[in-house]
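Chemist: Below is a structure I'd like to ask you about.
The values are calculated or read from the model by the stated rules, or taken from the named source; none is laboratory data. Worth saying up front: this structure is predicted, and the values here are computed from it rather than measured. Here the Cβ positions follow ideal geometry from the backbone for every residue, glycine too, while neighbour counts run over all protein chains shown. All accessible areas refer to the heavy atoms of the entire protein, side chains included, with ligands and DNA or RNA removed. Shrake-Rupley method; radii C 1.70, N 1.55, O 1.52, S 1.80 Å.
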Amino acid sequence: MTHDEAVQKLILAGRILVHQGQGDMTRGHVSVRVPGRPDLFLMKPNGIGMEEMTPENILVTAMDGVAQRGQARQHSEVFIHSEIFKARPDVNCVVHTHPVHLIALSATGKELRPHCQGGAIFADRLPVFDATMQLIRDPAMGSAVAQALGPHMAVSLKSHGLVMACASIEEAIVFTVMLEEACRIQLLIEAAGGAAPEYPSEDVALLREAQSAPGMILANFAYLGRLATGSALPPSLAGLPA
């Protein structure tokens with residue numbers, strides 16, 4: 001992936017998150033490492049919505065949280081991104097949003113269960129950061145979030161929001177959407193009186209593997225991108241003459 005491709009994917013990621021109801025005015029943010037420069041990352045600036053990112057206003061930021069390029073203000077929670085990138089060389093994209101249903105479920109203190117496809121991916125794999133509900137505004141707090149995340153893809157910030165950390169933008173966005181839907185489904189199940197017995201763990205593992213397949217992730221990211229931008233299917237996929 002080139003620098004320009006990373007910028008365009010970051011812009012598309014922001015539009016998808018807003019389209020999926022995770023914009024929360026100007027407060028969410030998403031970042032991706034600069035291709036070929038793992039010590040730098042591209043990040044949405046403060047003061048704009050995630051759907052308002054452009055090649056001109058995206059910041060290039062160093063691992064100390066200081067913007068190296070760009071005139072816009074940096075998010076005060078930049079340390080979520082910088083500290084995770086420092087702790088996890090395998091992570092190339094970090095998302096921080098405030099999904100309504102995930103926040104509600106986190107406030108109950110209940111664990112996410114495998115009641116659906118997203119639940120199968122994250123059940124027993126969603127640690128909780130509950131040291132504070134305040135904003136993560138310094139390196140020490142960012143490091144604490146990274147420690148809570150550990151080797152996992154996501155960490156729930158109790159009564160605050162979600163941090164998703166993945167190897168690619170596509171994974172981070174698709175899994176962010178799926179996790180919020182899983183939390184919504186669980187809250188509905190609990191409101192209806194509770195769930196029936198869960199499927200065996202080996203059955204859950206098979207579904208998790210299927211939903212995490214690279215081809216599935218790329219197809220779903222492309223679909224979410226078309227929804228967010230109003231794009232049409234490529235002719236070859238739409239059954240039209242190429």
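Chemist: As an exercise: evaluate GLU181 against (1) modelled with pLDDT of 95 or more; (2) surrounded by fewer than 19 Cβ atoms within 10 Å (Cβ to Cβ); (3) in a loop (DSSP other than H, G, I, E, B) and give the number of the one condition it does not meet.
Modeler: (3)
Chemist: Something else: With the requirement that a residue be open to solvent by 40 Å² or more (accessible area, probe 1.4 Å), within 21 Å of GLU83 (Cβ to Cβ) and without any contact (Cβ under 8 Å) to a residue 40 or more places away in the chain, what does region 36-58 give you?
Modeler: Passing the criteria: ARG37, ASP39, ASN46.
Chemist: Additional query: Please list, ordered by first then second residue, the pairs with beta carbon atoms under 6 Å, 6 or more apart or interchain, first in region 188-200 and closer than 13 Å to PRO114 by Cα and in contact (Cβ under 8 Å) with a residue 60 or more places away in the chain, second assigned to a loop (DSSP other than H, G, I, E, B) and aliphatic (A, V, I, L, M).
Modeler: ILE189/ALA195
Chemist: Report, by residue number, each residue of region 75-99 that is in contact with a helix residue (DSSP H, G or I) (Cβ under 8 Å, 6 or more places away or on another chain) and open to solvent by 40 Å² or more (accessible area, probe 1.4 Å).
Modeler: The answer is LYS86, ALA87, ASN92.
Chemist: With respect to GLY28, determine if the residue is on the phi < 0 side of the Ramachandran plot, of a type outside the set (S, T, N, Q) and in contact with a His (Cβ under 7 Å, 6 or more places away or on another chain).
Modeler: Answer is yes for this residue.
Chemist: Which ones in region 100-115 are out of contact with any Asp or Glu (no Cβ under 7 Å at 6 or more places or on another chain) and crowded, with 17+ Cβ neighbours inside 10 Å?
Modeler: If the condition is that a residue be out of contact with any Asp or Glu (no Cβ under 7 Å at 6 or more places or on another chain) and crowded, with 17+ Cβ neighbours inside 10 Å, then ILE103, LEU105, SER106, LEU112, HIS115 are the ones that fit.
Chemist: May I pose another question? Could you please give the count of residues in region 24-35 that are touching a residue at least 40 places away in the same chain (Cβ under 8 Å) and within 17 Å of GLU171 (Cβ to Cβ)?
Modeler: Selection size over region 24-35: 4.
Chemist: Quick check: is even one residue across region 13-23 open to solvent by 30 Å² or more (accessible area, probe 1.4 Å) and free of Cβ contacts under 8 Å to residues at least 40 places away in the same chain?
Modeler: no
Chemist: Let me ask something else about it. Looking at region 24-35 only, could you name the residues that are open to solvent by 80 Å² or more (accessible area, probe 1.4 Å) and touching a Ser or Thr at 6+ places or on another chain (Cβ under 9 Å)?
Modeler: ARG27
Chemist: Only one of ALA144, ALA191, ALA154 is open to solvent by 30 Å² or more (accessible area, probe 1.4 Å) and within 22 Å of HIS29 (Cβ to Cβ). Can you tell me which?
Modeler: None of the others qualify; the one that does is ALA144.
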